[in-house]
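Here is the structure we will look at.
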Amino acid sequence: MAAAITSFPRHRTGESGLSPRRFIAAVGPCVLIFAAVLLIAPLVGDKGLSLRGVLSAGSTDRDILMLVRLPRILFGALVGGALAVAGVLFQALLRNSLATPFTLGISSGSSLGAVIAIWLGLDIVFLGIPMISVFAFAGALLTILLVFFIARSSGGLPTFTLLLAGVTLNFVFGALVLFFHYASNFGQSSMMTTWMMGNLNIVGYSPWSRTVPIVLLAVAVMIALSPKLNLIAAGEDWASTRGANVHRLKTVSYFMGSVLTGAVTAFSGPIGFVGLVVPHSLRMVAGPDHRILVPGSFFLGGAFLVMCDTAARTLLSPTEIPVGVITALLGGPFFIMLLKRKPGELW
Amino acid sequence: MVNRQPVYNPTMTGAPVYRIEDLRFGYSHTPVLKGISAAIGLGDFVALVGPNGAGKSTFLKILAGLIRRYTGSVEFHGVPLGKIHSRDLARRVAFVPQETHMVFPFTASQLVLMGRAPHQAAGLFDTSVDLEHADEAMRLTDTLELANKPFTQLSGGERQRVVLASALAQDPQVLLLDEPTVYLDLKHQIHFYDIVERLNVEKQMTIVSVTHDVNLAARYARRMMAVRDGAFVADGNPESVMTPEHLYEIFEVDVAVLKRPDGRGNYIIPTS
């Protein structure tokens, strides 16, 4: 990624504003990294694949690629992209560069749903969707709506109330998750733990095909609104006096970011740090313009998570490390770096 | 204080831009504005003076469309403010707050270009027209050389000029300033208001500026409106408002009034 970073255009004197050329110069490298990772990742694994094997129908090589690795990689790309974009949205909405997709409680909400499903013994797949994911998504939606209506009751959608409502629900749902954990048997408990670590160990294409329309729609909406996200990120009065409908913009961003997070988390469990590391890295090299951050984070986030997941499934092969452990191990030190940065530094 | 007839010789320059009738506003049962009526004309340079908590900034925010839950009527070019879409208002009215705090490291030119937002159609890119307006705004505010610097690294004076440039990129008819120089040193206060004065004189931009600083107000404004306790107590040219009697009524401070040697209004010096 280092090579791509140096190829980003720096601001030159007398050149400002976002032109199509500058947009491509900034988002293009993200797309290239994404494409490269998606091409290479399927070839990496404990069994080497040969081109001849992959091309011949019915071969083991082809089955491994098409039925095991590709669904997982495509899903990983989608989860990473969705979480990174959600991170960008929550950071802009809360004007807090430390906000993540899970700051407002969605991870606890979907964990609660998943934990209840496991506790009820609903470890079944219905129409290609695991019941656990259905419950997890319901838990996420419940959280999203609760936080929204608690925050909205005081008129508008005040950032501080939003944060407070989210953090509070996070604690409440976290406690309920602990309760169900405590009330379940050893097998269930271990399943719950695995789910909450976050992993991309899915079966088949259906998790991907169910989430891809939601994610692409939400990302497209937010790319269209990205000029207005710049206004919100600069300040609410700033946005309002420049003609933005602040309340509507905040509401739309909140729901888009939440749905992005909830939809992918329902299948993958909460995977941390993608939503923090990716937007920050991109902001460091390409600046805080959301017209670049939203699409760029989608591609970089996808690439980052697929890379982490490739490491997760190969490092201790044949055992798998939960991908959340890898992202946290990379993300943790990054987070500390962020906290220790000198005031006035670019990001 | 109640017996004395207030000054009322509003030195309105042109046709009214704002017409305000019995404007009232309060924060949860604490009244802030207690029935204000006034008219602000095209090309006016108004200084709103008064003590802390008098309601000056609240009044300005209502004019800017930032506060919409008032009672009474505020008309902009004859249309009730509540019926004007915020985007349409932002094409005519720009607002500069006391201080602007940025979390993200937007560059000066990115912030100035955000002033183009009310004029931009749907789409991601800045057009050459946007760039021309931004360039002109930065030239007027002497901020061209700051274009590529992150706002977070600028000094207070530079920041205010960049925010002013962003407001000017809106191509406004009216410029609302909320104590824009309160955190600036003397040199930067004068630099800022010199720019504002040029906009008023050369571009007939209507200026409404809230300030505590009566001397600064008197030096630049051609009309002074004094607010105390949610109501106007004086409205007229700076000389007629800046008498020891009025200033005592407004600020509860005894002052001496001195003529400026260059004839540009008066100085006041607190004596109590």
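Listed by Cβ neighbour count within 10 Å, with the fewest neighbours leading, A:T194, B:T30, A:T310 appear as B:T30, A:T194, A:T310.
Rg over Rh for the range B:197-272 works out to 0.98, using Cα positions for both radii and the Kirkwood form for Rh.
Here the protein assembly as shown carries DSSP beta bridges of which approximately 60% are antiparallel, counting only pairs with both residues inside.
Note on the range B:144-244: antiparallel DSSP beta bridges, both residues inside, total approximately 50 percent of the bridges counted. Annotation for the range B:39-116 versus the range A:61-120: alpha-carbon center distance of 41 Å. With 0.36 nm allotted per residue and the present C-alpha distance subtracted, the B:Y267-B:E136 stretch has 43.7 nm of extension available. Averaged over peptide A:90-102, the number of partner chain Cβ atoms lying within 10 Å of each residue's Cβ comes to 1. With R₀ fixed at 56 Å, the C-beta to C-beta distance from A:F160 to B:R260 puts the FRET efficiency at about 0.75.
In nm, give the distance between the simple-model label positions of B:T127 and A:F179, each being 7 Å from the Cα along the Cα-to-Cβ direction. Spacing of the two 7 Å Cα→Cβ label points: 5.8 nm. Other protein chain C-beta atoms within 10 Å of residue C-beta, averaged over B:160-170: 1. Dividing the convex hull volume of the alpha carbon atoms of the range A:21-340 by its residue count gives 142 Å³ per residue.
By Kyte-Doolittle mean hydropathy of at least 1.0 and Cα axial length of at least 18 Å, which whole DSSP H helices of chain A are selected? Qualifying helices: A:20-40, A:70-93, A:106-119, A:131-152, A:159-183, A:206-224, A:323-340. Once the Cα atoms are used to define both axes, helix B:128-140 deviates from the longest principal axis of chain B by about 40 degrees.
Diffusion of the protein assembly as shown by Stokes-Einstein, at 10 °C in a medium of 1.306 mPa s and with Rh set to the Kirkwood radius over alpha-carbon pairs, works out to 59 µm²/s. Note on B:V103 and A:F334: their simple-model spin labels are 1.9 nm apart, each label 7 Å out from Cα toward Cβ. Normalising the average separation of contacting C-alpha pairs (under 8 angstrom, six or more residues apart) by the number of residues puts the relative contact order of chain B at 26 percent. Gain on full extension, evaluated as 0.36 nm per residue between A:L43 and A:D237 minus their Cα-Cα distance, stands at 64.8 nm.
Readers should treat all values here as calculations from the given coordinates under stated rules, not as data from a laboratory. Keep in mind it's a predicted model, so treat the numbers as computed, not measured. Note: ideal-geometry Cβ built from the backbone for every residue, glycine included; neighbour counts use all protein chains shown.
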